[in-house]
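Below is one structure; the comments refer to it alone.
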């Protein structure tokens, strides 16, 4: 079963060596990697906790920026950084840490 601890561990592994997992510092690539991970977990383990955690992060992030539309968390970060993938990637780590501290 995927739990918040396991999701945080996965995020920490990617943070330590992002180029190994996603190639470039890109919030879109990070989002796609996590979407693929979610798909694999859902198909293999029938676990929706990962989707719930991503949804909670998205909702938390939307409230931080008063985002009303239902775009993904990566789109919120890209909007905040004028569509700069690398800045949005860096902002993800900052916001993820804030989110985890509050949870």
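The values are calculated or read from the model by the stated rules, or taken from the named source; none is laboratory data. All values derive from a computational prediction rather than experimental measurement. In this analysis, Cβ positions are derived from the backbone assuming ideal geometry, glycine residues included, and neighbour counts consider all displayed protein chains.
Against the conditions (1) closer than 22 Å to residue 9 by Cα; (2) surrounded by fewer than 18 Cβ atoms within 10 Å (Cβ to Cβ), where does residue 91 fall short? Just the number, please.
Single failed check for residue 91: (2).
Of all residues in segment 63-80, how many are closer than 13 Å to residue 27 by Cβ and either in contact (Cβ under 8 Å) with a residue 24 or more places away in the chain or buried (at least 17 other Cβ atoms within 10 Å of the Cβ) (or both)?
Keep residues of segment 63-80 that are closer than 13 Å to residue 27 by Cβ, which gives 71-80.
Retained after the next criterion (residues that are either in contact (Cβ under 8 Å) with a residue 24 or more places away in the chain or buried (at least 17 other Cβ atoms within 10 Å of the Cβ) (or both)): 72-78, 80.
Selection size over segment 63-80: 8.
What number of residues within segment 20-32 are within 25 Å of residue 79 (Cβ to Cβ) and loosely packed, with under 14 Cβ neighbours inside 10 Å?
Matching residues across segment 20-32 total 3.
For residue 15, state whether it is surrounded by 12 or more Cβ atoms within 10 Å (Cβ to Cβ), modelled with pLDDT of 95 or more and in a helix (DSSP H, G or I).
Details: surrounded by 12 or more Cβ atoms within 10 Å (Cβ to Cβ): yes; modelled with pLDDT of 95 or more: yes; in a helix (DSSP H, G or I): yes.
Yes: the conditions hold for residue 15.
In segment 31-66, how many residues are outside any helix (DSSP H, G or I), at pLDDT 90 or above and on the phi < 0 side of the Ramachandran plot? Give the steps one after another, and end with the answer.
Applying the first criterion (outside any helix (DSSP H, G or I)) to segment 31-66 yields 46-48, 65-66.
Adding the requirement that they be at pLDDT 90 or above leaves 65-66.
After this cut, where a residue has to be on the phi < 0 side of the Ramachandran plot as well, the list is 65.
Result for segment 31-66: 1.
Is it the case that residue 36 is over 19 Å from residue 97 (Cα atoms), exposed (fewer than 12 other Cβ atoms within 10 Å of the Cβ) and touching a helix residue (DSSP H, G or I) at 6+ places or on another chain (Cβ under 8 Å)?
Details: over 19 Å from residue 97 (Cα atoms): yes; exposed (fewer than 12 other Cβ atoms within 10 Å of the Cβ): yes; touching a helix residue (DSSP H, G or I) at 6+ places or on another chain (Cβ under 8 Å): no.
No; evaluated as a whole, the condition is false for this residue.
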